[in-house]
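Student: Sharing a structure with you now.
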Amino acid sequence: MSKLFSHLLLAGLFVFAANSQAVELKIGYVQVDKILQEAPQTAESGKKLEKEFSPRTQELERIQKQIKEIESSLDKDALTMSDADRKNKERDAANLKIDFQRKQRELREDVNLRKNEELGALQDRINKAVTAVSEAEGYDLVVYGGVAYANKKIDITEKVLKSLGKK
């Protein structure tokens, strides 16, 4: 019994000693989704991707227009065409549709891949900006979003956006 009492007393002393030396932490939080929406780099990235994939998008539009023209021609002239001509146009339209679907799928995959690359680069920049703001302002802990409640006084989102160059 005295051994249990001495262990409890010792544990109590450790808890008391730990509490007496407790240091107040400076805590902040960041709304990453807001930063991703408002950071100037997000718009720049979107424009960059649009410019990069514009030729392929225009190619798809051209193929789609070509398919519509062939189908329109078939609808309009089907009765006056020979069977061979009609079958050739139908085959051309079918081949163009297959080509269109393949190119559309490839474009979608490439766009998604590049978006993920751009997002990764932007997240790296955000992490560096959060670290810079946190160190400059003496934060001990910064939490990324996903908190049930946080006082606006500890929200450093605007400071991070400013660091990223938001006007």
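Student: Just to verify a result, which residue in the range 97-113, among those that are hydrophobic (A, V, I, L, M, F, W, C) and over 26 Å from residue 32 (Cβ atoms), is surrounded by the most Cβ atoms within 10 Å (Cβ to Cβ)?
Tutor: Looking at the filtered set, the residue picked out is 100.
Student: Return the residues of the range 151-167 that are exposed (fewer than 15 other Cβ atoms within 10 Å of the Cβ) and outside any helix (DSSP H, G or I); say none if nothing qualifies.
Tutor: 151, 165, 166, 167
Student: Could you say whether any residue in the range 106-116 is touching a residue at least 24 places away in the same chain (Cβ under 8 Å), among the acidic types (Asp, Glu) and either in a helix (DSSP H, G or I) or out of contact with any strand residue (DSSP E or B) (no Cβ under 8 Å at 6 or more places or on another chain) (or both)?
Tutor: Yes, there is a match, as at least one residue in the range 106-116 is touching a residue at least 24 places away in the same chain (Cβ under 8 Å), among the acidic types (Asp, Glu) and either in a helix (DSSP H, G or I) or out of contact with any strand residue (DSSP E or B) (no Cβ under 8 Å at 6 or more places or on another chain) (or both).
Student: Return the residues of the range 30-71 that are farther than 30 Å from residue 99 by Cα, small (Gly, Ala, Ser) and either free of Cβ contacts under 8 Å to residues at least 40 places away in the same chain or surrounded by fewer than 15 Cβ atoms within 10 Å (Cβ to Cβ) (or both); say none if nothing qualifies.
Tutor: Selection gives 43 alone.
Student: Given the conditions (1) under 30 Å from residue 120 (Cβ atoms); (2) in contact (Cβ under 8 Å) with a residue 40 or more places away in the chain, and given that residue 100 satisfies all but one, which numbered condition is not satisfied?
Tutor: Condition not satisfied by residue 100: (1).
Student: Let me ask another. Take residue 116 and tell me if it is under 16 Å from residue 26 (Cα atoms), surrounded by fewer than 13 Cβ atoms within 10 Å (Cβ to Cβ) and among the polar types (S, T, N, Q).
Tutor: Judged against the criteria, residue 116 is not a match.
Student: For the range 132-149, which residues satisfy the criterion of being surrounded by fewer than 16 Cβ atoms within 10 Å (Cβ to Cβ) and within 15 Å of residue 27 (Cβ to Cβ)?
Tutor: Scanning the range 132-149 gives 135, 137, 138, 140, 141, 143, 144, 145, 146, 147, 148, 149.
Student: Give the residue that is nearest to residue 41 (Cα to Cα), with candidates limited to residues of the range 134-148 that are under 24 Å from the mean Cα position of the chain (by Cα) and free of Cβ contacts under 8 Å to residues at least 60 places away in the same chain.
Tutor: Going through the qualifying residues, I end up with 146.
Student: While we're looking at this one, here's another question. Pick from 24, 90, 52, 44: which is closer than 28 Å to residue 145 by Cβ, among the acidic types (Asp, Glu) and modelled with pLDDT of 90 or more?
Tutor: That would be 44, the only listed residue that is closer than 28 Å to residue 145 by Cβ, among the acidic types (Asp, Glu) and modelled with pLDDT of 90 or more.
Student: Confirm whether residue 120 is in contact (Cβ under 8 Å) with a residue 24 or more places away in the chain and either closer than 13 Å to residue 36 by Cα or not charged (D, E, K, R) (or both).
Tutor: It is false that residue 120 is in contact (Cβ under 8 Å) with a residue 24 or more places away in the chain and either closer than 13 Å to residue 36 by Cα or not charged (D, E, K, R) (or both).
Student: Let me spell it out: the conditions are (1) more than 30 Å from residue 77 (Cβ to Cβ); (2) exposed (fewer than 15 other Cβ atoms within 10 Å of the Cβ); (3) not acidic (Asp, Glu), and residue 94 meets all of them except one. Which number is the exception?
Tutor: (1)
The values are calculated or read from the model by the stated rules, or taken from the named source; none is laboratory data. The structure presented is a predicted model; accordingly, all values stated were derived computationally and were not measured. Cβ sites come from the backbone with ideal geometry, for glycine too, and all protein chains shown count toward neighbours.
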